[in-house]
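Asker: I have a structure I would like to understand better, so I am pasting it below and will then ask my questions one at a time.
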């Protein structure tokens with residue numbers, strides 16, 4: 001549990017029941033999923049990347065499922081009910097032009113997982129060619145994003 005603001009990076013997640021806490025992250029082709037149960041007053045966010053570039057690789061899908069299940073399990077351990085979970089999903093940008101669809105694969109995985117688990121997603125901000133910073137207030141289930149000024153690079157461009 002966190003009791004203040006926390007910044008998470010790829011492969012991390014955080015949960016809290018503190019009404020004043022925020023969880024934030026910076027996303028490129030990764031996808032963040034914010035889950036919360038408003039009745040239990042608990043929520044969390046994870047930051048995940050599947051690196052297959054769109055292939056339906058079982059090994060990478062298992063890693064995605066594990067990332068989601070860790071978040072769900074911890075929320076349940078703090079009183080959330082799976083049937084009351086709600087989601088917001090952000091990220092999945094195409095950060096390097098000409099590179100295979102890693103961002104799109106991440107988006108597809110997250111949305112497929114939520115649909116399969118019957119978790120409604122009330123907000124989606126996915127794709128595009130710009131990174132985004134996301135802030136999530138888990139207890140009320142509110143989120144805000146800010147797009148960064150950095151656009152995708154061509155494989156021929158120098159940064």
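The values are calculated or read from the model by the stated rules, or taken from the named source; none is laboratory data. This one's a predicted model, so the numbers in the text were calculated from it and none came from an experiment. In this analysis, Cβ positions are derived from the backbone assuming ideal geometry, glycine residues included, and neighbour counts consider all displayed protein chains.
Asker: Of these, 130, 45, which one is within 26 Å of residue 5 (Cβ to Cβ), surrounded by 13 or more Cβ atoms within 10 Å (Cβ to Cβ) and at pLDDT below 90?
Answerer: On the way: 45 fails: at pLDDT below 90.
Just a single option satisfies the conditions, and that option is 130.
Asker: Of the residues that make up the stretch 31-38, is at least one on the phi < 0 side of the Ramachandran plot, exposed (fewer than 15 other Cβ atoms within 10 Å of the Cβ), within 18 Å of the chain's Cα centre (by Cα) and modelled with pLDDT of 85 or more?
Answerer: Taking the stretch 31-38 first, the residues on the phi < 0 side of the Ramachandran plot are 31-38.
After this cut, where a residue has to be exposed (fewer than 15 other Cβ atoms within 10 Å of the Cβ) as well, the list is none.
No, every residue in the stretch 31-38 fails to be on the phi < 0 side of the Ramachandran plot, exposed (fewer than 15 other Cβ atoms within 10 Å of the Cβ), within 18 Å of the chain's Cα centre (by Cα) and modelled with pLDDT of 85 or more.
Asker: Across the stretch 16-30, which residue is surrounded by the fewest Cβ atoms within 10 Å (Cβ to Cβ) among those that are in a strand (DSSP E or B) and modelled with pLDDT under 95? I'd like the intermediate steps shown before the answer.
Answerer: First, the residues of the stretch 16-30 that are in a strand (DSSP E or B): 16, 23-27.
If we keep only those that are modelled with pLDDT under 95 too, we end up with 16, 26-27.
On the way: 16: 26, 26: 18, 27: 27.
Looking at the filtered set, the residue picked out is 26.
Asker: Still on this model: With respect to residue 111, determine if the residue is touching a strand residue (DSSP E or B) at 6+ places or on another chain (Cβ under 9 Å), buried (at least 23 other Cβ atoms within 10 Å of the Cβ) and either within 17 Å of residue 147 (Cβ to Cβ) or modelled with pLDDT of 90 or more (or both). Even if it seems obvious, please write down each step before you answer.
Answerer: Numbers: touching a strand residue (DSSP E or B) at 6+ places or on another chain (Cβ under 9 Å): yes; buried (at least 23 other Cβ atoms within 10 Å of the Cβ): no; either within 17 Å of residue 147 (Cβ to Cβ) or modelled with pLDDT of 90 or more (or both): yes.
Taking the combined requirement at face value, the residue does not satisfy it.
Asker: Same structure again: Taking residue 66, is it surrounded by fewer than 20 Cβ atoms within 10 Å (Cβ to Cβ) and at pLDDT 95 or above? Step through it out loud before you land on a result.
Answerer: Details: surrounded by fewer than 20 Cβ atoms within 10 Å (Cβ to Cβ): yes; at pLDDT 95 or above: no.
In short, no.
For (1) in contact with a helix residue (DSSP H, G or I) (Cβ under 8 Å, 6 or more places away or on another chain); (2) within 18 Å of residue 8 (Cβ to Cβ); (3) touching a residue at least 40 places away in the same chain (Cβ under 8 Å); (4) not in a helix (DSSP H, G or I), each residue gets a yes or a no:
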position: 93; (1), (2), (3), (4): yes, yes, yes, yes
position: 104; (1), (2), (3), (4): no, no, yes, no
position: 111; (1), (2), (3), (4): no, no, no, no
position: 114; (1), (2), (3), (4): no, no, yes, no
position: 125; (1), (2), (3), (4): no, yes, no, yes
position: 131; (1), (2), (3), (4): no, yes, yes, yes
position: 136; (1), (2), (3), (4): no, yes, yes, yes
position: 146; (1), (2), (3), (4): no, yes, no, yes
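Asker: Does residue 85 fit the bill of being out of contact with any helix residue (DSSP H, G or I) (no Cβ under 8 Å at 6 or more places or on another chain) and surrounded by 17 or more Cβ atoms within 10 Å (Cβ to Cβ)?
Answerer: On the way: out of contact with any helix residue (DSSP H, G or I) (no Cβ under 8 Å at 6 or more places or on another chain): no; surrounded by 17 or more Cβ atoms within 10 Å (Cβ to Cβ): yes.
The answer is no for residue 85.
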